[in-house]
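Data first, discussion second: the structure below is written as structure tokens.
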Amino acid sequence: MTTINASGIVVARGGRTILDSVSFDVAAGEVVGVVGPNGAGKSTLLRVLAGDLAPDDGAVSLAGEDVAAATVQRLARLRSFVGPLSVSDVLFRVGDVVAMGRHPGRADGNAELDGQLVAQAMARVDVDHLADRELRTLSSGEQQRVNLARAIAQQSPVILLDEPTSALDVAHQEMVMAVLRNLAGQGGAVVAVLHDLNLAAAHTDRVLLLDGGVSVACGPARDVLTGPRLSTAYATPMEVIDHPFRDCPLVLTSGR
Amino acid sequence: MIQQRSPRVAYWLLGTGVIVVMLVGMLAGSVDVGLSDLWHMVGYRFGVGEERLTDSVLWSIRLPRVLAGLTAGAGLAVAGVALQGVFRNRMADPHLIGVAPAAGLGAVAGIALTAAGGSPFIMMAGAAVGGVLLALLMRRIAENVTDSAQLVLVGIALGFALLALLGAIVLAWDSPRVPTFNFWVFGGLSGVTWSTFGAAVPFVLAGAAGVVTMGRSLDILALGEDEARHLGVDVARLRLLTLVAVGVIVGGVVGLAGVIGFIGLVVPMLLRAWIGPAHRHLVLVSALGGAIALGGLDILARTVAAPVEIPIGLITAIGGAPVLVWLLLRRVR
């Protein structure tokens, strides 16, 4: 079942085309990685999917609902969003921040369930031991996991993430990607902007490669992440080999 | 960092503080009264006993003044909490960003529009309109500044200009219908009557009730505008409603007590460090704290140099400025 449908997305700003007729679908149960060089339009695409940015052309639907017509409250029940960090001055404690993820579902009025969902979300990304700490006192990697816990607590069918692993150590990167896989396993549709091509190769069902606002290729990592294609997109020589331990490609930069 | 304590302790301590301030406020002043006079007045109001001179002093002068001090202090602190939440800036304050001076101008406009004799309610309504307009102007300015310190500086500049304009109008008009220059610029509770108090209360209560209902959304806004939107908070609507509520509160407060600084800034800052940032408690605890602060300082204003009364705004500045400096240097949130 298609959960995310984006068709013909065009975004132009200041005479520059940031996204040029980008279309793609994500089914329930899928993890899709969005990759591409800086300025490719990855974050802009994510903001369009989230309903933060109205495209100049094209349309997005989430779980069958037109994003442009949905209210702020309705959108919060359709999608969660893990964005870049901007929490340096937040005085709330971790437990309170994750509990804010239940705000969109507050109308259901089940406080006990809310409490359980918050506790589970914190445990899943290994921040339960930080519950009583103030958010601003955490490292950026810990803050990033708290943001993810908040999104998990939101229990939305669509989960959008902008570089969710950028501040994480290797072990927590693997953990977060496993959590995303798990969320998809529970019926979620997950779209993550990733800079680490090997995380995308190892942990996603499909990869969307953007370059200059154009969708270059979209499909399984083995098909999309090829040496010539990546070398062109990133303007740096790259090679792709078989991962020695995993059933996925391994991207290597080969230097100039 | 100050250790966070249970809000229950804060409610009890501050609630008791309000009662103490109220009692002391009733007993302190140029006419010597004791607790027995206070009980006699209460009895007389319920039809027990003969009238004494102290009954009318306590009922007609002190009680409205004490209640006005508590109400204005509570209103200023709640307005401060709301402004700090909506602008995500701990230095936002109704006086500092110009809302209170604008309310003063609105009040004077309200007086000008009413027939001789005047109506306190229309004066408060004018003040509320002035406060709301300035608060909404600050919202427009906030959209165009990226640096939160810049917002406060713009507010300070506007506030100075509006206060000067207000002072000039009041001095030039020089009519017995208009409260004095001192009242507008330094605040004052000496002219409070049951009628002005009664006119101000609905504004303060309505605005504060509005702020209370927006507490949860203001909590979420602390994470950032994008995050709040992603969690289903209509940020534009929240800003509009909160600023209207602030304008209405400040309208009531300024119409009642003139322009008074520091309460809306220092009280929430102290109490946030004590009980934490959650608005559902912070708004109510700040209301109690603001009531104690202004009620207590008003007692000082009318006793330290008796029979001369010191304008309340001078006392809040003398007391509030050092506390603010201390808080900022200690980096208390």
*Would you mind listing the strands (runs of 3 or more DSSP E) fully within the stretch A:199-256 where at least 1 residues are of a type in the set (S, T, Y) and more than 12 Å from A:V35 (Cα to Cα)?*
A:249-253
_Suppose the filter is closer than 13 Å to B:P94 by Cβ and part of a helix (DSSP H, G or I); does B:G264 pass it?_
yes
_Testing A:V190 on (1) in contact with an Asp or Glu (Cβ under 8 Å, 6 or more places away or on another chain); (2) assigned to a helix (DSSP H, G or I), one condition comes back false. Which one is that?_
(2)
_Condition (residue is surrounded by 20 or more Cβ atoms within 10 Å (Cβ to Cβ), in contact with a helix residue (DSSP H, G or I) (Cβ under 8 Å, 6 or more places away or on another chain) and either closer than 19 Å to B:I299 by Cα or of a type in the set (D, E, K, R) (or both)) applied to the stretch B:200-218: is it met by at least one residue?_
no
_Scan of the stretch A:68-97 for residues that are under 15 Å from A:I159 (Cβ atoms) and either among the aliphatic types (A, V, I, L, M) or out of contact with any strand residue (DSSP E or B) (no Cβ under 8 Å at 6 or more places or on another chain) (or both), ordered by number_ = A:L75, A:A76, A:R77, A:L78, A:V82
_Hits in the stretch A:144-187 - residues which are of a type in the set (S, T, N, Q), within 14 Å of chain B (Cβ to nearest Cβ) and in contact with a Ser or Thr (Cβ under 9 Å, 6 or more places away or on another chain)_ = A:Q144, A:Q154, A:Q155, A:S156
_Lone qualifier among B:V86, B:V48 - being in a loop (DSSP other than H, G, I, E, B) and more than 24 Å from B:I292 (Cβ to Cβ)_ = B:V48
*Could you identify the single residue in B:L282, B:L288 that is assigned to a helix (DSSP H, G or I) and either charged (D, E, K, R) or within 14 Å of another protein chain (Cβ to nearest Cβ) (or both)?*
B:L282
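One line per residue, one yes/no per condition, for (1) of a type in the set (A, V, I, L, M, F, W, C); (2) modelled with pLDDT under 90; (3) crowded, with 22+ Cβ neighbours inside 10 Å:
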{"residue": "B:G43", "(1), (2), (3)": "no, yes, no"}
{"residue": "B:V48", "(1), (2), (3)": "yes, yes, no"}
{"residue": "B:L58", "(1), (2), (3)": "yes, yes, yes"}
{"residue": "B:A74", "(1), (2), (3)": "yes, no, yes"}
{"residue": "B:V81", "(1), (2), (3)": "yes, no, yes"}
{"residue": "B:A92", "(1), (2), (3)": "yes, yes, yes"}
{"residue": "B:G131", "(1), (2), (3)": "no, no, yes"}
{"residue": "B:I141", "(1), (2), (3)": "yes, yes, no"}
*asked:* Among the residues in the stretch B:184-191, are any in contact (Cβ under 8 Å) with a residue 40 or more places away in the chain and within 13 Å of chain A (Cβ to nearest Cβ)?
replied: no
*the stretch B:240-249, residues that are crowded, with 23+ Cβ neighbours inside 10 Å and not small (G, A, S)*: B:T242, B:L243, B:V246, B:V248, B:I249
*Residues of the stretch A:2-23 satisfying the condition of being in contact (Cβ under 8 Å) with a residue 12 or more places away in the chain, on the phi > 0 side of the Ramachandran plot and not polar (S, T, N, Q)*: A:G8
*Since B:L163 meets every condition but one in (1) out of contact with any helix residue (DSSP H, G or I) (no Cβ under 6 Å at 6 or more places or on another chain); (2) surrounded by fewer than 21 Cβ atoms within 10 Å (Cβ to Cβ), which condition does it not meet?*
(1)
*From (1) of a type in the set (V, I, T); (2) free of Cβ contacts under 8 Å to residues at least 12 places away in the same chain; (3) more than 14 Å from chain A (Cβ to nearest Cβ), pick out the condition that doesn't hold for B:T213.*
(3)
*asked:* If A:E134 satisfies all but one of (1) away from chain B (no Cβ under 14 Å); (2) within 27 Å of B:H281 (Cβ to Cβ); (3) among the acidic types (D, E), what's the number of the condition it fails?
replied: (1)
*asked:* Here is a check on your reading of the model: is B:R237 free of Cβ contacts under 8 Å to residues at least 24 places away in the same chain, touching a helix residue (DSSP H, G or I) at 6+ places or on another chain (Cβ under 9 Å), basic (K, R) and surrounded by fewer than 22 Cβ atoms within 10 Å (Cβ to Cβ)?
replied: yes
_Any chance B:R229 is facing chain A (nearest Cβ under 10 Å) and surrounded by fewer than 18 Cβ atoms within 10 Å (Cβ to Cβ)_ = no
*Name the residues in the stretch A:61-97 that are among the small types (G, A, S) and more than 10 Å from chain B (Cβ to nearest Cβ), would you?*
A:S61, A:A63, A:G64, A:A68, A:A69, A:A70, A:S88, A:G95
*Before we move on, is A:A107 within 14 Å of chain B (Cβ to nearest Cβ) and at pLDDT below 90?*
yes
*(1) more than 17 Å from B:A125 (Cα to Cα); (2) outside any helix (DSSP H, G or I); (3) away from chain A (no Cβ under 14 Å): which one isn't true of B:V259, the others all being true?*
(1)
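The values are calculated or read from the model by the stated rules, or taken from the named source; none is laboratory data. A quick note: this is a predicted structure, and the numbers were derived from the prediction, not measured. No Cβ is skipped: glycine too gets one built from the backbone with ideal geometry, and neighbour counts run over all protein chains shown.
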